[in-house]
1. Test each condition in (1) over 30 Å from Lys11 (Cβ atoms); (2) at pLDDT 85 or above for Lys55 and report the one that comes out false.
Amino acid sequence: MYEFACVNGHKTLRLVVYETTSLMCECGEESHRTLSAPYFRLEGWSGSFPTAHAKFDKSHQDKLKSERKLNS
């Protein structure tokens, strides 16, 4: 997946082979491949995925509840 931009400011994401450096924009101008940051989402404090942290937290809370029940 690469991002392309033309001189008119249009940006397009396309799945192309690595060697492709330019293609025709929908406005008729030639668009060139640009360097763009990848998009992904990580948990802010741990670096793990948000769903993994939520799953760990729920299992940890369930374990604490069962231990408290056994000890009372």
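1. With (1) over 30 Å from Lys11 (Cβ atoms); (2) at pLDDT 85 or above applied to Lys55, the lone miss is (2).
Here is a yes/no grid of residues against (1) in contact with a Cys (Cβ under 6 Å, 6 or more places away or on another chain); (2) modelled with pLDDT of 90 or more:
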site: Asn8; (1), (2): yes, yes
site: Val16; (1), (2): no, yes
site: Leu23; (1), (2): no, yes
site: Arg41; (1), (2): no, no
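The values are calculated or read from the model by the stated rules, or taken from the named source; none is laboratory data. Everything numeric in this text was worked out from a predicted model, so none of it was measured. No Cβ is skipped: glycine too gets one built from the backbone with ideal geometry, and neighbour counts run over all protein chains shown.
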